[in-house]
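So the structure is just underneath, and the comments pick up after that.
The values are calculated or read from the model by the stated rules, or taken from the named source; none is laboratory data. Since the structure is predicted, the reported quantities are computational estimates derived from the model, not experimental observations. Please note: Cβ atoms are built from the backbone with ideal geometry, for glycine as well, and neighbour counts cover all protein chains shown.
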Amino acid sequence: MATYYFSRDVKVYAHVPLAAAATKNMYYELPVLDGFSFSQATNTSEITLNQAQDTSGNSVRGRQMFNDSYAPAEWSFSTYMAPFTSAGTTIGTGGISGDTDGDHHEVSEALWAMFFGQTVNGALTSDTTNLSISPAGSNKATIGVFDLYFVFGGAKIAESSGKPASAYADGAQKIYKIANCSVNEASIDFDLDGIATVNWSGMGKIVTEESGLDLSSSTALITEGVENTTGFIRNRLSDLTIIGDASGGSVTYALTLTGGNITFSNNLTYLTPETLGLVNQPLGHVTGTRTIGGSLTCYLDNESNASAELFEDIIEATTDIQNVFSLAFDIGASGTPHLLLTMATCHLEVPSHSIDDVISLETNFHALPSTIGGTNEITLFDFVGKDVNA
């Protein structure tokens with residue numbers, strides 16, 4: 001009898017380095033949303049012949065194909081922002097992600113750490129106040145490397161103490177591993193009628209099918225917060241503060257968002273050898289320019305220090321070669337849970353008008369470090385969680 005697999009039954013795990021780069025010693029379960037994907041292609045060469053006819057009127061018109069190399073595997077999925085406070089036991093035991101009662105965490109914290117650094121502990125600081133994500137270690141030629149596991153049929157497995165009891169090795173599951181993954185891009189979209197969501201995408205070395213994934217006896221599995229149904233962040237509660245003006249002064253603009261996007265990108269490039277006679281595999285990645293920016297939309301408002309005045313101040317700064325604004329996002333509006341995100345040195349482009357039933361403005365922003373070699377595009381990146389273990 002044929003076995004079929006359904007996206008609703010899939011479990012996803014990330015095997016990440018905690019304290020030492022490239023030493024993968026902690027599993028995180030990732031509660032991904034519908035619409036995930038992963039794939040890998042091959043790079044080929046086509047050899048063709050095209051010649052005149054011989055004395056008999058024949059002409060060779062054949063061709064040959066050769067596999068040169070594997071292209072980097074590509075993966076993408078989305079997760080909700082779901083910060084929470086830990087129940088507080090030893091890291092990994094019973095699927096707990098904090099070692100102190102009340103420490104703040106977020107279900108996708110490992111991916112944020114892999115984006116900004118080479119280890120989880122190097123980029124994350126968790127305490128009873130917040131989960132702080134630091135970009136200080138992101139000026140590297142390579143970033144965090146981890147493995148992704150997609151377990152088809154994994155949701156049907158019974159769990160014991162928060163861990164899969166059967167270890168995903170009974171033959172009823174189909175397990176795919178993407179080795180040596182890196183996070184290339186994370187994107188936050190402001191859908192006002194939705195829940196705060198992060199769209200993740202990246203690349204890896206190769207996709208393989210695994211015979212099993214033994215998590216049943218491991219103490220290095222974090223699942224806390226995955227089944228949380230109350231700690232989500234609502235986008236409509238978010239607010240934005242803009243301080244500064246195009247001439248370097250200090251003006252606080254009051255803008256109420258109707259939509260927008262924040263995108264973080266490492267601009268990764270994967271290197272692949274080109275040895276003749278072999279099917280080469282990707283060697284690994286190198287980082288490009290780190291870019292953080294996005295767009296904001298709001299209604300055209302003629303109140304003092306509102307959107308119309310922001311447009312006027314930017315478009316009239318005709319002699320300024322740079323403008324500096326501080327953008328402070330409070331996604332969730334300081335409720336519980338929420339995300340505080342501050343970019344202290346932003347360049348704002350001239351807003352454009354969107355002509356609809358209600359006239360709107362849209363502007364692009366670019367978060368910059370205070371110096372060309374700095375890593376402080378983001379000066380505050382803190383999750384505050386909700387106690388989902390009470």
Q: Scan Tyr253, Tyr270 and give me the residue that is among the aromatic types (Phe, Trp, Tyr) and over 29 Å from Lys140 (Cα atoms).
A: Tyr253
Q | Asp34, sole failed condition from (1) outside any strand (DSSP E or B); (2) under 30 Å from Val279 (Cβ atoms) | A | (2)
Q) Taking the stretch 259-299, which residues are closer than 18 Å to Phe325 by Cβ, among the polar types (S, T, N, Q) and in contact with an Asp or Glu (Cβ under 8 Å, 6 or more places away or on another chain)? A) Asn261, Thr263, Ser295, Thr297
(Q) If I ask for residues that are in a strand (DSSP E or B), within 30 Å of Glu224 (Cα to Cα) and not polar (S, T, N, Q), which ones from the stretch 39-82 would you list? (A) Ala73, Glu74, Trp75, Phe77, Tyr80
Q | Neighbours by Cβ (under 6 Å, 6+ apart or cross-chain): first from the stretch 331-349, within 24 Å of Asn389 (Cβ to Cβ) and modelled with pLDDT of 90 or more; second surrounded by 15 or more Cβ atoms within 10 Å (Cβ to Cβ) and among the acidic types (Asp, Glu) | A | Leu340/Asp330; Leu340/Asp382
Q | Tabulated pairs, the stretch 208-225, first closer than 15 Å to Gly88 by Cα, second surrounded by fewer than 12 Cβ atoms within 10 Å (Cβ to Cβ) and at pLDDT below 85, C-beta under 9 angstrom, 6+ apart or interchain | A | Thr219/Thr90
Q: Look through the stretch 191-243, keep the residues that are of a type in the set (D, E, K, R) and more than 30 Å from Ile175 (Cα to Cα), and return whichever of them is surrounded by the fewest Cβ atoms within 10 Å (Cβ to Cβ).
A: Asp193
Q.
I'm checking my understanding of the structure. Among residues of the stretch 11-48 that are under 15 Å from Ile175 (Cα atoms) and polar (S, T, N, Q), which one is nearest to the chain's Cα centre (by Cα)?
A. Ser37
(Q) Going residue by residue through the stretch 359-367, is there one that turns out to be touching a residue at least 12 places away in the same chain (Cβ under 8 Å), assigned to a loop (DSSP other than H, G, I, E, B) and either more than 29 Å from the chain's Cα centre (by Cα) or crowded, with 16+ Cβ neighbours inside 10 Å (or both)? (A) yes
**Q.** Extreme residue, nearest to the chain's Cα centre (by Cα), among residues of the stretch 276-307 that are of a type in the set (A, V, I, L, M, F, W, C) and surrounded by 17 or more Cβ atoms within 10 Å (Cβ to Cβ)
**A.** Ile292
**Q.** Residue list for the stretch 11-45, filter: farther than 17 Å from Ser108 by Cα, at pLDDT below 95, surrounded by 14 or more Cβ atoms within 10 Å (Cβ to Cβ) and not small (Gly, Ala, Ser)
**A.** Asn43
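Mind checking which residues of the stretch 194-232 are among the aliphatic types (A, V, I, L, M) and outside any strand (DSSP E or B)?
Passing the criteria: Ala196, Leu213, Leu215, Ala220, Val226.
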Q | Which listed residue is over 30 Å from Gly288 (Cα atoms), at pLDDT below 90 and not small (Gly, Ala, Ser), from Thr100, Thr129 | A | Thr100
Q: Would you point out the residue of the stretch 132-187, among those that are assigned to a loop (DSSP other than H, G, I, E, B), modelled with pLDDT under 85 and hydrophobic (A, V, I, L, M, F, W, C), that is surrounded by the fewest Cβ atoms within 10 Å (Cβ to Cβ)?
A: Ala158
Q) Under the condition of being assigned to a loop (DSSP other than H, G, I, E, B) and not β-branched (Val, Ile, Thr), which residue from the stretch 1-10 is modelled with the lowest pLDDT? A) Met1
